[in-house]
Amino acid sequence: MRTSISALLCALGTLIGTTASAQNAWVVGQSAPLSGSNAVFGKDIRDGALAYFKMVNAQGGVGGAPIEFITLDDQNQRKIAGENTTKLLQNRNLVALFGYASATLSLDAMPQAEKAGMLFFAPFSGANPVRKSSPVVHTLRASYGDELEKMLAFWTGLGMKQVVVVHYNDEVGIQNLGVVKDYLARQGKQPQAFALERNARIDDTRFSELLALKPEVIINTVLSEPAAEISKRLVAQGVFVPMSSLSFVGAQQYIDAAGDAGAGVSISQVVPSTAASLPVVRECSKALQESGVTKAMNSTHLEACIGAKVLAEAMRRSKKPGDHKALLAALRNLGSFDAGGFTVTYGPEQNHGSKYVELGMVTRGGKLRN
């Protein structure tokens, strides 16, 4: 039964490396949106990690054992992500769950990982649910609180008072709104909220409702499609309202969706610029090229690649392919690790590797400049 489930997972997902014996492989599982409303983002996460794992395998794997990376499509739906996690955990050789595309997609997965004692590593979110105390959940990136404080300090420093937060009307979106409220309350200010249902479009009526809030600055905590729609409508009506977006938007995904209307929008970044002259940037760019990815490396690729490198380092230190408990212990005791110009730190009381945040600005040429 276990063998048939493993075979099904390999057929449904993305499998790299050679077929290995039961105790001679590092099997890493991922649920990500490979189709649906956030497919570009999900594929970029997968491709960034996949590229690094392929490079490691080409060099002989970790401790002589290959890394097998299985990605199941969740269509950007929480329920399916939870079901995918159940399937992945049936694989007896699984050592980690990696790179889930949002906090919402992680909500039903994290309790399963905790019950199994399975490392849940580097979800693409800085939201509160993935930063609660957990024996297995470890993040790579800074929190949304870190990101929001950076952008709010910038705009309030310029005298902006009427802040409108565009957020999803769900558990995670409401928590993101709460972070802004708490920050502005310390300055005697109160933001306006503009709530969206996930996958809902911004039509004329909804856009008019947004403008009726008279924003001096828009803080966007939603995905690239609605953020790009807001930018396009602002430009089409000749209305200038500064906008900043969380890294959650996916910088390149937003730039591609917004086109010329994206110029001037700032987006927080939780990894260095892809134009930076850093060893890890060069290494990941090379890995992507060698893996067959033809488009230029973006920040999503880079974050996934860095996460894959940190995970591979924990594998190297654990020295036990197929042993998820040993890998979790190695990651929890990793200490400070320089991935090549980007340093993360983990310990028994330190589950969150980085607090790095920079603000990038979208140029008229469609580039992101820090």
Check your understanding: Tell me, what ³J(HN,Hα) does each residue in the stretch 164-174 have, in order and in whole Hz, if you take phi through Karplus 6.51 cos²θ - 1.76 cosθ + 1.60 with θ = phi - 60° and put x for Gly and Pro?
Key -> 10, 9, 8, 9, 7, 8, 9, 3, 6, x, 5
Check your understanding: Relative to the longest principal Cα axis of the chain, at what angle does helix 144-157 sit, 0 to 90 degrees, rounded to 10?
Key -> 30 degrees
Check your understanding: Mind checking which aspartates and glutamates have their C-alpha under 20 Å from K320, skipping anything on the same chain fewer than 8 residues away?
Key -> E68
Revision key, fill the gap. Shape call for the stretch 275-341, from the Cα gyration tensor axes a ≥ b ≥ c (a/c under 1.5 means rounded, otherwise prolate when a/b beats b/c, else oblate), comes out prolate
Exercise for review: Would you mind giving the average projected area, over all directions, of the Cα convex hull of the stretch 248-370 in nm² with one decimal?
Suggested key: 8.5 nm²
Point to revise | Cα-Cα over 23 Å, subset of K232/K367; K43/K319; K232/K286 | key: K43/K319; K232/K286
Check your understanding: If you count, for each residue, the other Cβ atoms within 10 Å and average over each peptide, how do 336-345, 24-33 line up from highest to lowest?
Key -> 24-33, 336-345
Revision key, fill the gap. What helix-only [θ] at 222 nm does the chain give? Using -39500 (n - 2.57) per DSSP H run of at least 4, over all residues, to the nearest 500, the answer is -13000 deg cm²/dmol
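Nearest 5 percent is fine: what portion of the DSSP beta bridges confined to the chain is antiparallel?
30 percent
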Point to revise | Assigned charges on the beta-carbon of Lys, Arg, Asp, Glu; the stretch 221-289 dipole about Cα centre (debye) | key: 120 debye
Review point. By average Cβ neighbour count within 10 Å, what is the ranking of 303-310, 91-98 from highest down?
Key: 303-310, 91-98
Review point. In whole percent, how big is the carbon plus sulfur part of the accessible area of the chain, probe 1.4 Å, protein atoms only?
Key: 50 percent
**Study point:** Rounded Å value of the spacing that divides the Cα centres of the stretch 25-97 and the stretch 283-320
**Key:** 13 Å
Review point. In whole Å, what three semi-axes, largest first, describe the equivalent ellipsoid of the stretch 133-216 built from its Cα gyration tensor (square root of 5 times each eigenvalue)?
Key: 24, 20, 10
Practice item. Consider the candidate values [x] 26, 54, 18, 2; [y] 31, 57, 13, 0; [z] 23, 45, 28, 4, 0; state which one is P(r) over Cα pairs in 20 Å bins from 0, in percent computed from the structure displayed. Key: [y]
Study note, to complete from the structure: Checked against the positive end of the charge dipole of the stretch 209-262 (+1 on Cβ of Lys and Arg, -1 on Cβ of Asp and Glu, about the Cα centre), the farthest of T221, V239, A258 is V239
Review point. Ignoring ligands, DNA and RNA, what accessible area per residue does the chain give at 1.4 Å, in Å²?
Key: 40 Å²
Practice item. Please get the size of the charge dipole for the stretch 212-342, origin at its Cα centre, with Cβ charges of +1 on Lys and Arg and -1 on Asp and Glu, quoted in debye to the nearest 20. Key: 540 debye
Study note, to complete from the structure: For the chain, the charge dipole (Cβ of Lys, Arg +1; Cβ of Asp, Glu -1; about the Cα centre) points to a positive end, and the Cα of M55, A127, V357 closest to that extreme belongs to M55
Study note, to complete from the structure: Any residue on another chain or 5+ positions along whose placed amide H is under 5 Å from the amide H of V137 is listed here as F120
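The values are calculated or read from the model by the stated rules, or taken from the named source; none is laboratory data. Treat the numbers as computed from the prediction; the structure is a model and nothing was measured. Glycine also receives a Cβ, built like all others from the backbone with ideal geometry; neighbour counts cover every protein chain displayed. For the accessible areas, the whole protein counts, side chains as well, though only heavy atoms, and no ligand, DNA or RNA atoms are used. Shrake-Rupley method; radii C 1.70, N 1.55, O 1.52, S 1.80 Å.
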